[in-house]
Amino acid sequence: MTSPYHLPAGRAAHGPYAVAVTPESAGWGHAHLRVLELPPGGSHGFDTGDSEWIVLPLSGGCTVSVADDFGHDAFRLTGRDSVFDGVSDFAYVPRDARTTLSAPGGGRFALTGARCTRRLPARHGPASGVPVELRGAGACSRQVNNFAAAGVFACDKLIAVEVLTPGGNWSSFPPHKHDEHRPGEESVLEEVYYFEFAAHQGAPGLGYQRVTPSGRGRGTDVLAEVRGGDVVLIPDGWHGPSVAVPGHHMYYLNVMAGPDPERAWLIRDHPDHAWVRDTWPAQPVDPRLPLYTAPAR
């Protein structure tokens with residue numbers, strides 16, 4: 001069965017973008033995700049409009065130029081060979097600006113965005129400043145690169161992180177949700193998952209993503225086999241697990257934004273599975289982690 005919330009690779013392509021998720025296409029109010037592929041020597045310009053954006057290299061590096069009524073900035077992003085090879089630096093670009101990406105060596109770049117009201121300054125985020133967190137334990141071990149987590153990097157509405165799950169492990173577990181405004185306990189956040197997988201002996205990887213209805217919003221229900229370039233939209237619902245098949249590490253980029261006045265990632269665990277967290281202190285973290293650490297400052 002097909003789901004409007006699972007977009008296999010190519011289904012969300014539009015114009016120059018391999019992935020183009022907008023608030024209009026997703027049917028929500030805030031979160032964007034674009035994935036741009038540039039050939040060697042390629043460039044691409046876009047207007048930020050009413051949204052703030054972070055340019056994050058998935059493979060390759062680029063220069064990000066930003067021009068608006070306040071002046072001009074340019075940031076050279078070193079990038080990385082792939083999402084499985086290292087932490088990347090990134091660039092924040094504010095709303096109401098003209099942005100141009102130039103990639104002498106080509107590459108693939110994620111543009112994570114959120115509609116916002118405040119204009120913050122354009123900035124470079126160094127790879128050395130990205131907190132690399134090991135979350136969970138045992139078969140629930142995963143690595144989180146908190147490059148634009150709330151409390152780590154200043155944005156108005158945008159929250160974005162990368163998650164790396166070793167082959168055979170479960171992440172986004174226990175299932176959790178953030179679709180209800182409960183001050184100090186739970187945020188309202190739309191969320192996009194964008195997936196990539198490490199190949200094994202030339203075979204492409206795959207995984208599985210589950211979302212179950214929480215009784216809020218649209219009653220989102222997804223059980224999808226996900227592959228590289230796939231997207232899953234989560235307007236509401238309990239989401240997890242995200243399962244990596246054995247032999248293939250799984251990567252996903254999470255982009256979140258919502259209407260709450262406080263920019264915060266506050267979640268509620270599914271009551272049937274919340275006990276799983278209590279087992280982690282007695283288990284070791286998967287010894288394959290971290291896959292890599294942030295470079296020294």
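Read the figures in this text as sums done on the coordinates, not as results from a lab. Predicted, not measured: the structure shown is a model, and the values here were computed from it. Here the Cβ positions follow ideal geometry from the backbone for every residue, glycine too, while neighbour counts run over all protein chains shown.
Computed values, structure above
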| read-out | value |
| --- | --- |
| Per-residue Cβ neighbour rank within 10 angstrom, fewest leading, R263, R216 | R216, R263 |
| Residues with amide H under 5 Å from that of S214, placed H, sequence gap 5 or more | G219, T220, G237, W238 |
| Shape call, the stretch 111-236: gyration tensor on alpha carbons, a/c limit 1.5 | oblate |
| For the stretch 1-130: rounded, prolate or oblate by the Cα gyration tensor [a/c cutoff 1.5] | oblate |
| ³J(HN,Hα), Karplus 6.51/-1.76/1.60, whole Hz, each residue of the stretch 78-89, x for Gly, Pro | 5, x, 6, 6, 7, 5, 9, 10, x, 6, 10, 6 |
| Calculated from backbone phi, Karplus (6.51, -1.76, 1.60) coupling profile of the stretch 248-260 in Hz, x at Gly/Pro | 9, 5, 10, 10, 9, 9, 9, 10, 9, 6, x, x, 4 |
| Alpha-carbon centroids, the stretch 253-280 and the stretch 105-143: separation in whole Å | 17 |
| Distant-in-sequence amide H partners of G167 (H built 1.01 Å from N, under 5 Å) | G247, H248, H249, M250 |
| For E52, E37, order by how many other beta-carbon atoms lie within 10 Å, fewest first | E37, E52 |
| 222 nm mean residue ellipticity, helices alone, for the chain (DSSP H n ≥ 4; -39,500 (n - 2.57); rounded to 500) | -500 deg cm²/dmol |
| Prolate/oblate/rounded call for the stretch 13-71, Cα gyration tensor, a/c under 1.5 rounded | oblate |
| Cut-off 12 Å between beta-carbons: net charge of the residues surrounding G167, Lys and Arg +1, Asp and Glu -1 | +1 |
| Cβ-derived FRET efficiency at R0 30 Å, Q201 paired with E262, nearest 0.05 | 0.05 |
| Footprinting exposure proxy for M250, M256 (fewest neighbouring C-beta atoms within 10 Å first) | M256, M250 |
